[in-house]
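Participant: First the structure, then my questions, so here it is.
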Amino acid sequence: MVRIAMGVALGVEAFLGFALGILVGTNYLRFPSMGAWGLLLINGIVLVMIIMASYVLVWFNRHEKQLWNYVDGAAGEERIGEELAKLPNTFEVIHGLETPSGDVDHLVIGPTGVFLLNTKKWTGVATAANGALLWNGKNYKDHVGNMRRITMALRDMVVQPGGPDPYFQEAFVFVGCTVNIGPEQLGRCDALTPDQLLPYLQRSAGRRGLKAAEVEDLASRAAAFLR
């Protein structure tokens with residue numbers, strides 16, 4: 001979609017330049033009194049438009065990968081947001097948090113604990129080896145370590161001494177790819193697909209439950225760190 005939008009924009013730019021050139025030429029023939037300075041001014045405007053279009057094209061070529069990653073990431077987060085909207089009202093969902101260690105795509109707080117979700121809109125296959133996350137065989141071990149640091153940072157930010165000590169858990173949620181990652185292959189970090197997400201969040205076995213007032217209190221503290 002970004003590529004199509006850029007193509008349309010450049011096409012419109014070229015058409016406007018062409019149309020303006022014809023307009024200038026026609027008016028100059030009809031009104032030669034506009035003089036050389038007037039013609040020079042308008043030609044300068046056309047030249048600036050062409051330079052701007054060229055600059056945008058060069059910039060897009062240099063940043064195309066980052067733009068596509070951003071678009072894919074936003075689409076993945078939207079897909080997971082739609083799933084999280086199906087949770088019962090005993091859960092609080094916050095999208096887009098900043099911690100000193102990094103960002104959180106989705107934070108879910110409910111009677112079963114606190115969950116930090118990082119969405120990955122990938123294609124191909126997600127696997128794991130020696131505690132590292134692999135995408136089509138490429139090692140992304142730093143992703144797992146970052147998630148652990150973000151979890152600990154957020155815990156320090158929202159849990160007060162003497163207050164509730166909830167269960168904290170981080171997980172990657174993969175959209176659009178095959179996931180071949182077993183339990184504990186990423187250490188404490190779990191790997192999920194969208195259809196596994198809701199049962200996972202609502203499973204309470206072995207977790208200290210949170211009361212409704214505790215859920216609300218933790219959510220209000222976390223909301224202070226919205227992006």
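Participant: When the residues of region 129-138 are filtered to those that are of a type in the set (Gly, Ala, Ser) and assigned to a loop (DSSP other than H, G, I, E, B), which remaining residue is least open to solvent (accessible area, probe 1.4 Å)?
Facilitator: Selected residue: 131.
Participant: Next up: Looking only at region 139-172, count every residue that is surrounded by 14 or more Cβ atoms within 10 Å (Cβ to Cβ), at pLDDT 90 or above and over 20 Å from residue 96 (Cα atoms) and tell me the total.
Facilitator: Counting residues in region 139-172 that are surrounded by 14 or more Cβ atoms within 10 Å (Cβ to Cβ), at pLDDT 90 or above and over 20 Å from residue 96 (Cα atoms) gives 0.
Participant: Can we say residue 183 is in a loop (DSSP other than H, G, I, E, B) and without any contact (Cβ under 8 Å) to a residue 24 or more places away in the chain?
Facilitator: yes
Participant: Follow-up. List the pairs whose first member sits in region 165-178 and is part of a strand (DSSP E or B), whose second member is of a type in the set (Lys, Arg) and open to solvent by 10 Å² or more (accessible area, probe 1.4 Å), and whose Cβ atoms are under 6 Å apart, counting only residues at least 6 apart or on separate chains?
Facilitator: Here the result reads 168/155; 172/120; 174/120; 175/79; 175/121, each pair linking region 165-178 to a residue that is of a type in the set (Lys, Arg) and open to solvent by 10 Å² or more (accessible area, probe 1.4 Å).
A quick yes/no check of all residues on (1) modelled with pLDDT of 95 or more; (2) open to solvent by 50 Å² or more (accessible area, probe 1.4 Å); (3) in contact with a Cys (Cβ under 7 Å, 6 or more places away or on another chain):
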site: 70; (1), (2), (3): no, yes, no
site: 77; (1), (2), (3): no, yes, no
site: 86; (1), (2), (3): yes, yes, no
site: 96; (1), (2), (3): no, no, no
site: 102; (1), (2), (3): no, no, no
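Participant: On the basis of being open to solvent by 10 Å² or more (accessible area, probe 1.4 Å), of a type outside the set (A, V, I, L, M), in contact with a strand residue (DSSP E or B) (Cβ under 8 Å, 6 or more places away or on another chain) and closer than 24 Å to residue 218 by Cα, does residue 203 make the cut? It would help to see each step written out before you state the result.
Facilitator: On the way: open to solvent by 10 Å² or more (accessible area, probe 1.4 Å): yes; of a type outside the set (A, V, I, L, M): yes; in contact with a strand residue (DSSP E or B) (Cβ under 8 Å, 6 or more places away or on another chain): no; closer than 24 Å to residue 218 by Cα: yes.
The answer is no for residue 203.
Participant: Another question about this same structure. Which of (1) closer than 24 Å to residue 99 by Cα; (2) open to solvent by less than 20 Å² (accessible area, probe 1.4 Å) does residue 126 not meet, given it meets every other one?
Facilitator: For residue 126, the failing item is (1).
Participant: Report the residue count in region 106-117 for those that are surrounded by 22 or more Cβ atoms within 10 Å (Cβ to Cβ), of a type outside the set (A, V, I, L, M) and either in contact with an Asp or Glu (Cβ under 6 Å, 6 or more places away or on another chain) or part of a loop (DSSP other than H, G, I, E, B) (or both).
Facilitator: 1
Participant: Mind counting the residues in region 208-227 that are in contact (Cβ under 8 Å) with a residue 12 or more places away in the chain and assigned to a loop (DSSP other than H, G, I, E, B)? Spell out how you get there, then give the answer.
Facilitator: Initially, region 208-227 is screened for residues in contact (Cβ under 8 Å) with a residue 12 or more places away in the chain, giving 208-212, 214-219, 221-223, 225-227.
When the remaining residues are screened for being assigned to a loop (DSSP other than H, G, I, E, B), the result is 208-211, 225, 227.
Adding up the residues that qualify gives 6.
Participant: For region 191-204, indicate whether the set of residues that are basic (Lys, Arg) and either in a helix (DSSP H, G or I) or under 26 Å from the mean Cα position of the chain (by Cα) (or both) is non-empty.
Facilitator: No, every residue in region 191-204 fails to be basic (Lys, Arg) and either in a helix (DSSP H, G or I) or under 26 Å from the mean Cα position of the chain (by Cα) (or both).
The values are calculated or read from the model by the stated rules, or taken from the named source; none is laboratory data. Just so it is clear, the model here is predicted, and its values are computed rather than measured. Every residue, glycine as well, gets a Cβ built from its backbone with ideal geometry; the counts of neighbours run over all protein chains shown. The area values use the complete protein model at the heavy-atom level, side chains included, leaving out ligands, DNA and RNA. Shrake-Rupley method; radii C 1.70, N 1.55, O 1.52, S 1.80 Å.
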